[in-house]
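Novice: There's a structure below that I have some questions on.
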Amino acid sequence: MFFTKKTEENPKYIFVVGGVISGVGKGITASSIAKILQDRGLKMTAIKIDPYINLDAGTMNPTEHGECFVLDDGDETDQDMGNYERFLNTDLSRINYMTTGRVYETVIHKERNLEYKGKCVEVVPHIPMEVIDRIEAAQKNAEADAVVIEVGGTVGEYQNMLFLEAARMMKLRHPKDVAFVMVSYLPVPSKVGEMKTKPTQHAVRTLNGSGIQPDIIIARSNDPLDEKRKEKLSLFCNIPFGRVISAPDVDSIYDIPANFEKEHLSDMLCDILFMTCKNSRIKSAEEWDLFTNRIHSSTDEINIAVVGKYFDTGNYVLSDAYISVIEAIRHASYGQNRKPVLTWINAVDFEADPKKVQELSKYDGIIVPGGFGARGIEGLISVIQYARENKIPYFGLCYGMQLAVIEYARHKLGWSDASTREVNPSASHLVIDIMASQKNKLDANNYGGTMRLGAYEAYIGKDTIAREAYGSETVSERHRHRYEVNSKYVADIEKAGLVFSGKSPDGTLMEIAELPKSVHPFFLATQFHPEFKSRPLAPHKLFTAFVKAAIERKK
Ligand code: GLN
């Protein structure tokens, strides 16, 4: 009963685990594995396991954890979920994301409901069993031929042990349907000057200690692996020579699927999992090739300034906090055969030195992405004013729209202390206010998962930049915010010239604000987050419109 007989039709499960260190691209590896199998005609889905107690990524600081990626169903998840959606060109749901907190919450809930029928409920096996149930549910939901499951953290950590235990149990149950891929790292110590395999050997032994033998090692490093290193890893890690995959650093993450295929990774996985990949390559794979070719052939640059606030902990964190924004700019730019050059500017810098805004004139476009709280907002408002008055293409995302409305109210309506309740609740003109439905939640300190989250429909007004870009009257976009344009002031603001070109179906919530083209070449901001729906093979239409405006300015 516990062992299932293998048939080719059994769904397959590929666990991706990390060895040695974090931050070497496990999420991109998992996405790329899913992508190369999808390109062989298999129906794929992907799952991210985060070992945190947090029920979701919504309450974590982006400077610590990176971007919080929002799904259509409103789940606040890890940024890797964004990578899966972008690589697979598919929408995922909360069933594809789990944390330790979620797993325990369900088990405790079931226990209270007597679902364990009087048994003693134990960490093992009940927690891993719940993990397995969730993995199988995600497979069923997607009717997937194969599922890629990325286990967060690195082997040897206490916090992901129960997830590895679940993986081991799945392998025991379905010996021919489960594969393990370890993403490792080979350092080149500067004084030694030689690529070292020992940390990987230790990581594999640690994984062996959990009862798991990796089938494949993805060897991340600055440079390609040589034969000698492959032989060593093969011998000491008990892995056939050909299954040690060299994965050197690349300029673009979107090249990684093709690099894996140079090492025949999809064939290898088909062998290990007794799968028949019917197609050698499907059509979307060719579209992907066209996209990656454009990345390399686009040499004309456009210069975009992203002015944000999550910059405190060093450069490398920046790209993590706004990863979907960066990718959306890339998709739209390459779509227009332009190479985007992004400059990150800390909003606080403009507060210390008000003249600094003038430096923005050298950019072809300015983006103010989402954010929370008071820090840096006066700097952001002065940036938006400069972009508006100097006709620099401006694209505001969520907070970037709320602040654009505040800027307009202050400088075009003369409401000099106009603000948002989030920052200055006693302002005389709260042009951005808390949504009625949100107030009680905040009063009760009920923060987790309670914002306006996920996909909502919006109506797009005729003869607007938004309508021209979308080409349709209704759109669906993903949200993550508590505050809104205050309906009390909408008429006055519109009279002063700002157009609300997107509204909720009942007309009460302002979804897009823009200036007419006769006034400004591109001044548009959204209450939602268009960046969450941009894909390499389907750049977001508003990002494309912004990029086109930036190209015009450059001319
Ligand atoms: N802080 C604002 C709000 O909660 C904007 C949120 C965001 O930019 N995601 O409404």
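Novice: Contour minus end-to-end for residue 43 and residue 494, with contour as 0.36 nm per residue of separation and end-to-end as the Cα-Cα distance?
Specialist: Stretched out fully, the residue 43 to residue 494 stretch lengthens by 157.6 nm.
Novice: Under the rule a/c < 1.5 gives rounded, and otherwise a/b versus b/c splits prolate from oblate, where does the range 409-555 land using the Cα gyration tensor?
Specialist: It is oblate, given that a/c is not under 1.5 and a/b is not larger than b/c.
Novice: Remind me, what semi-axes does the range 5-47 give for its equivalent ellipsoid, largest first in whole Å, using sqrt of 5 times each Cα gyration tensor eigenvalue? Write down the numbers at each step before the final one.
Specialist: Working: eigenvalues 112, 37, 9 Å².
Rounded to whole Å, the semi-axes are 24, 14, 7.
Novice: Also, quick follow-up: Go through 55, 340, 372 and say which Cα lies farthest out towards the positive end of the charge dipole of the chain; charges sit on Cβ, +1 for Lys and Arg, -1 for Asp and Glu.
Specialist: Checked the options; the winner is 340.
Novice: Would you mind checking the pairs 362/503; 283/555; 462/533; 117/441; 462/495 and listing those with alpha carbons more than 27 angstrom apart?
Specialist: Check vs 27 Å cut-off fails for 362/503; 283/555; 117/441.
Novice: If you project the alpha carbons of the range 103-180 onto their three principal axes, what span does each projection cover, largest first, in Å?
Specialist: Result, largest extent first: 35, 32, 20 Å.
Novice: Another question, then. Going by the alpha-carbon gyration tensor, a ≥ b ≥ c the square roots of its eigenvalues, is the range 485-544 rounded (a/c under 1.5) or, if a/c is not under 1.5, prolate (a/b greater than b/c) versus oblate?
Specialist: The shape class here is oblate.
Novice: Still on this structure, please answer the following. Is the range 395-445 best put as rounded, prolate or oblate by its Cα gyration tensor, with a ≥ b ≥ c the root eigenvalues, rounded for a/c under 1.5, and otherwise prolate when a/b is larger than b/c, oblate when not?
Specialist: oblate
Novice: In nm, give the distance between the simple-model label positions of residue 506 and residue 22, each being 7 Å from the Cα along the Cα-to-Cβ direction.
Specialist: Inter-label distance under the simple model: 4.1 nm.
Novice: Considering only the chain, what is the antiparallel percent among its DSSP beta bridges, to the nearest 5?
Specialist: Counting only bridges with both partners in the chain, antiparallel ones make up about 30 percent.
Novice: Length gain on complete extension for the stretch residue 64 to residue 223, per 0.36 nm per residue less the alpha carbon to alpha carbon distance?
Specialist: Length gained, residue 64 through residue 223: 54.4 nm.
Novice: Can you work out the accessible area per residue across the chain, with the rest of the protein chains kept in place, probe 1.4 Å, in square angstrom?
Specialist: Values: 23200 Å² over 555 residues.
Here the residues of the chain average 42 Å² of exposed surface.
Novice: Just grab the label-to-label distance for residue 136 and residue 124, each label 7 Å out from Cα along the Cβ direction, in nm (one decimal).
Specialist: 2.0
Novice: OK, next. For the chain, which span is the longest to avoid every loop-located (per DSSP) member of chymotrypsin sites (Phe, Trp or Tyr not before Pro) having at most 11 other Cβ atoms inside 10 Å?
Specialist: That would be 159-555.
Novice: Show 196, 548, 462 ordered by accessible area, largest first, where the area counts protein heavy atoms only and the probe is 1.4 Å.
Specialist: Output order, biggest surface exposure first: 462, 548, 196.
Novice: Find how much the distance from residue 109 to residue 487 grows on full extension, using 0.36 nm per residue of separation minus their present alpha carbon separation; answer in nm with one decimal. Walk me through the intermediate numbers first.
Specialist: Values: separation 378, 0.36 × 378 = 136.08 nm, distance 4.08 nm.
Computed gain between residue 109 and residue 487 is 132.0 nm.
Novice: Taking the range 127-172, which trypsin sites (Lys or Arg not before Pro) meet the DSSP loop condition and have no more than 13 other C-beta atoms within 10 Å?
Specialist: Passing sites in the range 127-172 do not exist.
Novice: If you build the convex hull over the alpha carbons only and average its shadow over all orientations, what do you get for the chain? Give it in nm² to one decimal.
Specialist: Numbers: hull surface 110.9 nm².
If you wrap the Cα atoms of the chain in a convex hull and average its projections, you get 27.7 nm².
Novice: At a Förster radius of 60 Å, what calculated FRET efficiency corresponds to the Cβ-Cβ distance of residue 235 and residue 442, to the nearest 0.05?
Specialist: The value I calculate is 0.50.
Novice: Ignoring ligands, DNA and RNA, please state the percent of accessible area on the chain from carbon and sulfur, probe 1.4 Å.
Specialist: Values: 11670 of 23200 Å².
It is 50 percent, rounded to a whole number.
The values are calculated or read from the model by the stated rules, or taken from the named source; none is laboratory data. All values reported here derive from a predicted model rather than from experimental measurement. Cβ atoms come from the backbone with ideal geometry, glycine included; neighbour counts cover every protein chain shown. Heavy atoms of the whole protein, side chains included, go into the accessibility calculation; ligands, DNA and RNA do not. Shrake-Rupley method; radii C 1.70, N 1.55, O 1.52, S 1.80 Å.
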